[in-house]
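Notes for the one structure printed next.
The values are calculated or read from the model by the stated rules, or taken from the named source; none is laboratory data. It should be emphasised that the depicted structure is a prediction, and the values quoted were computed from it without experimental measurement. No Cβ is skipped: glycine too gets one built from the backbone with ideal geometry, and neighbour counts run over all protein chains shown. Surface areas here come from the heavy atoms of the whole protein model, side chains and all, with no ligands, DNA or RNA. Shrake-Rupley method; radii C 1.70, N 1.55, O 1.52, S 1.80 Å.
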Amino acid sequence: MRNYFIAGNWKMHKTRAEAADLAKALAAELKDGKHKYLVAPSFTALETVGAVVKGTNIMLGAQNMSSEEQGAHTGEVSVLQLKDLGVEAVILGHSERRHTYKEDDALINKKVKLALRHGLEVILCVGELLEEREAGNAEKVCETQTVEGLKDVSAADLARVTIAYEPVWAIGTGKTATPEDADAIHAYIRGVIGKLYGDDAAENIIIQYGGSVKADNAAQLMAKENIDGALVGGAALKAETFVPIAKFN
Ligand code: PEP
């Protein structure tokens with residue numbers, strides 16, 4: 001039985017005071033929530049938000065991290081620094097990292113392994129561009145990103161990995177994959193995990209959907225057999241839009 005996992009990616013939004021206000025509202029409103037929850041503020045607000053969510057049912061996540069443990073890497077943030085702030089999970093391979101900042105599968109895989117080696121949970125994002133979908137390559141793209149992103153990750157470590165299927169054309173655009181289309185890709189990714197790690201791992205892995213998830217489409221998406229949660233961007237920025245998603249039923 002898989003637990004639903006609802007995560008909010010706050011991207012490059014919010015001052016520390018704004019982030020603290022949102023975290024306080026979520027901590028209060030989700031304290032009786034039934035699912036697994038995570039918020040991922042900017043690096044600058046991690047300490048502030050971490051102090052608010054400590055001891056609650058909301059995990060603290062980061063949106064990215066360096067592929068190197070420490071050293072001369074100007075502008076980067078290391079896994080050790082994230083752990084020092086109480087970070088428990090990190091989002092890796094987000095489409096904005098892949099496409100705007102040109103992160104490739106090899107770099108993402110290096111980050112995935114480093115995060116897992118240091119005990120963090122990982123949300124590994126995969127997803128196709130519109131032209132890739134239109135060319136009939138959505139499955140292939142997601143398969144490659146999954147296989148390459150998880151290269152040399154052990155079955156034991158996979159237990160700390162969540163996959164987020166985020167079709168790039170649906171992120172921040174208001175266009176959502178239909179529940180049926182999303183479920184088909186989720187099922188395909190679950191099959192890829194089965195080929196790599198066996199049936200039990202495939203059955204247990206949490207696969208979130210991300211891409212314009214809102215209160216009014218969350219329940220229909222989550223009702224699908226292979227959709228185990230959501231990675232939410234825009235609607236995660238306000239308690240009144242995130243809480244109904246987090247408390248869907
Ligand atoms: C995201 O960036 O991970 C995302 C899903 O954004 P949005 O919900 O705004 O589409």
Handout entry: Fully extended contour minus Cα-Cα distance, from A135 to K195, at 0.36 nm per residue
Key = 19.1 nm
Handout entry: Extension gain, D104 back to H73 (0.36 nm per residue minus Cα-Cα distance, nm)
Key = 9.3 nm
Fill in the blank from the handout: Note: K34 to D181 extended length (0.36 nm per residue) minus current alpha-carbon separation gives 50.3 nm
Problem - Set of aspartates and glutamates near K24 by C-alpha distance (under 18 Å), chain-local residues within fewer than 8 positions excluded - result: D32, E47, E240
Fill in the blank from the handout: For the chain, whose charge dipole is built from +1 on Lys and Arg Cβ atoms and -1 on Asp and Glu Cβ atoms, the candidate among F43, A159, G198 with its Cα farthest towards the positive end is F43
Exercise for the section: Using +1 at the Cβ of each Lys and Arg and -1 at the Cβ of each Asp and Glu in segment 5-246, identify which of L221, G172, G71 lies farthest towards the dipole's positive end. Expected result: G71
Completion exercise
With bins of 5 Å, the percent of all Cα-Cα pairs of segment 5-246 per bin from 0 is 1, 7, 15, 19, 21, 18, 12, 6, 1, 0
Handout entry: Among G211, G71, G234: highest mean-square fluctuation, GNM of the chain, C-alpha pairs under 10 Å
Key = G71
Exercise for the section: Give me the distance in nm between label points sitting 7 Å out from Cα along the Cα-to-Cβ direction at E240 and T56, one decimal. Expected result: 1.9
Completion exercise
So the carbon and sulfur contribution to the accessible area of the chain, 1.4 Å probe, in percent, is 50
Problem - Hits among lysines - C-alpha to C-alpha of K140 under 25 Å, sequence gap 8 or more where chains match - result: K102, K110, K111, K113, K151, K175, K195, K224
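State to the nearest 20 debye the size of the charge dipole of the chain about its Cα centre, where the only charges are +1 on K and R beta carbons and -1 on D and E beta carbons. Intermediate values should be presented prior to the final figure.
Numbers: 28 positive and 35 negative charges, 136 e Å.
Dipole about the Cα centre, nearest 20: 660 debye.
Summing Lys, Arg as +1 and Asp, Glu as -1, what charge do residues with Cβ under 12 Å from the Cβ of R160 carry, R160 excluded?
Working: positive: K113, R117; negative: E88, E121, D157.
Once all neighbours under 12 Å are counted, the net charge is -1.
Could you estimate the translational diffusion coefficient of segment 130-249 from the Stokes-Einstein equation, with Rh from the Kirkwood formula over C-alpha pairs, at 4 °C and 1.567 mPa s, in whole µm²/s?
88
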Problem - Residues of segment 195-211 with amide N under 20 Å of a point placed 7 Å along Cα→Cβ from D152 - result: 196-197
Problem - Highest-MSF residue in the chain out of Y188, Y37, Y101 [GNM, Cα springs under 10 Å] - result: Y101
Exercise for the section: May I ask you to give the solvent-accessible area per residue for segment 5-246, in square angstrom, as obtained with a 1.4 angstrom probe? Expected result: 44
